Amino acid sequence: MSYSVTVLAPHLVQYHAPIYRALSASVRVRLNVLYQDTTGAVGRRDDSMGADIHWNASLLDGYQHTFLKNWSPTKGAGAFFGRVNPGIVPRMLFGSSDAVLLQGYQSFTNIAAFMALVPRSTKVLFRGEATLKEQFGIHEHIKRAMLKAVFALSDVVFYSVPANEEYFLHYGCPKHKLYPLPCAVDNDFFRQQRIAHSNSRDETRDHLGFSKTTTVLLLVGRMAPYKGHSQLLQAAAHATANGSDLGIIFPGDGPLRSELEDEATSLLGNRAKFVGFQSPETLSRYYVASDVLTICSNYDPSPKVLNEALNFELPLIVSDCVGQIGDSARHQDNAIVFPTGDVGKLEDAVTQLASDEGLRRRMGARSLALADQYSLKADVDCFLNALDSVIAL
């Protein structure tokens, strides 16, 4: 059985476009993505990243899409009224889709879509990737009330990682409405990139000033407080003082870059390299040149760089707030998990992997093996399973 599916998306997202292409390639899905604004369609300035963002590949190829007119004066800002698309109402009221996928609920347009679907028999699919964190007061009460309404109006609630499922259950989602939709990236693309850059490892390391025997740590992401760059610098400095030969590559940009560069120079001299924002193609060179992926965030529901790193056969060091723990990041299997914010435990993990090349290889091999379980094909299969469950039966 085939299905007509409409996706309501806030804007173009690098990691979502491959999923839309994979769904559109299925003979069982007729997909149309409605974008609430044009953010990401062309090069743009990301002030929070402190960089101009340009993608080498189009995020619009391979699937049907439409841009809705956004009447908001703030044009896509994070506020509730940042996306106001009145055109969504007739599309929901009079559309012919079998199902509509709504991503999030914290905008005027998403709420309007939910309400317009109430009198329809169209199946409502909901997706969000939040995980639990401490929250108190009026915001917690509003969230609980909003999610209660979302769950009541949805036929399917997709979760991407175990911590995401725990979040939905915590806020009262009925168990029978929960369906997995794994956190995944385009594994084929990144494996092709690994092959393309396979001969560049020594060249890249030499260019950065790292020897063949240096253990190179990679931390990818926005240079903001929650990402934990400073924690890694401190842990690496302690480990280096105790004899470890370490280097760090920091792809990304953001408000803390200048401050972090000063801290890195003070703690590690020239052992930390800041290489700026990277496209997926250029970032792949740094995956190939690295020995360990590190994620030191104090809140990170589903960092896709973790899934990317699996395809480059990298072992992982991740804080225990990362949503993929127990899923694609398994402690003492392909990852070492440390308590969030504990620089001492982070140092122990860095030292352990830096001192044992055999362990790095074994854990890296497990990463590559796990990658196949979190693929676009798995996403398509799970998506169709959910549709079969609520429509076909």
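The values are calculated or read from the model by the stated rules, or taken from the named source; none is laboratory data. These numbers were taken from a predicted model, which means no experiment stands behind them. Cβ sites come from the backbone with ideal geometry, for glycine too, and all protein chains shown count toward neighbours.
Mind checking which pairs have a first residue in region 320-343 that is within 13 Å of residue 299 (Cα to Cα) and a second that is modelled with pLDDT under 95 and of a type in the set (Ser, Thr, Tyr), Cβ under 6 Å, 6 or more apart or different chains?
Once the first residue is within 13 Å of residue 299 (Cα to Cα) and sits in region 320-343, its partners that are modelled with pLDDT under 95 and of a type in the set (Ser, Thr, Tyr) give 321/299; 323/131; 323/302.
Does region 235-246 contain at least one residue that is crowded, with 18+ Cβ neighbours inside 10 Å, in a strand (DSSP E or B), assigned by TED's automatic domain parsing to the domain that holds residue 302 and more than 25 Å from the chain's Cα centre (by Cα)?
Yes, the conditions are met somewhere in region 235-246.
Counting only residues that are under 18 Å from residue 113 (Cβ atoms) and touching a residue at least 60 places away in the same chain (Cβ under 8 Å), which one in region 142-195 is surrounded by the most Cβ atoms within 10 Å (Cβ to Cβ)?
So, considering only residues that are under 18 Å from residue 113 (Cβ atoms) and touching a residue at least 60 places away in the same chain (Cβ under 8 Å), the one surrounded by the most Cβ atoms within 10 Å (Cβ to Cβ) is 158.
Identify the residue in region 122-137 that is of a type in the set (S, T, N, Q) and at pLDDT below 95 and, among all such residues, is surrounded by the fewest Cβ atoms within 10 Å (Cβ to Cβ).
The qualifying residue surrounded by the fewest Cβ atoms within 10 Å (Cβ to Cβ) is 135.
Can you tell me which residues in region 247-273 are part of a strand (DSSP E or B) and not charged (D, E, K, R)?
Answer for region 247-273, where residues must be part of a strand (DSSP E or B) and not charged (D, E, K, R): 247, 248, 249, 250, 251, 272.
Looking at (1) farther than 30 Å from residue 280 by Cβ; (2) loosely packed, with under 13 Cβ neighbours inside 10 Å, find the lone condition where residue 61 falls short.
Tallying (1) farther than 30 Å from residue 280 by Cβ; (2) loosely packed, with under 13 Cβ neighbours inside 10 Å, residue 61 fails exactly one: (1).
Quick one: which of 104, 78 is more than 19 Å from residue 144 (Cα to Cα) and modelled with pLDDT under 95?
None of the other options fit; the residue is 78.
Yes or no: region 265-285 includes at least one residue that is surrounded by fewer than 17 Cβ atoms within 10 Å (Cβ to Cβ), among the charged types (D, E, K, R) and either under 30 Å from residue 17 (Cβ atoms) or touching a residue at least 40 places away in the same chain (Cβ under 8 Å) (or both).
yes
Among the candidates 342, 333, single out the residue that is out of contact with any strand residue (DSSP E or B) (no Cβ under 6 Å at 6 or more places or on another chain) and under 25 Å from residue 182 (Cα atoms).
Just one listed residue meets the conditions, 333.
Answer yes if at least one residue in region 275-292 is within 25 Å of residue 166 (Cβ to Cβ) and in contact with a strand residue (DSSP E or B) (Cβ under 8 Å, 6 or more places away or on another chain), and no otherwise.
No, region 275-292 has no match at all.
Collect the residues in region 27-58 that are part of a loop (DSSP other than H, G, I, E, B), at pLDDT below 90 and among the aliphatic types (A, V, I, L, M), keeping them in residue-number order.
Hits for region 27-58 are 41, 42, 49, 57.
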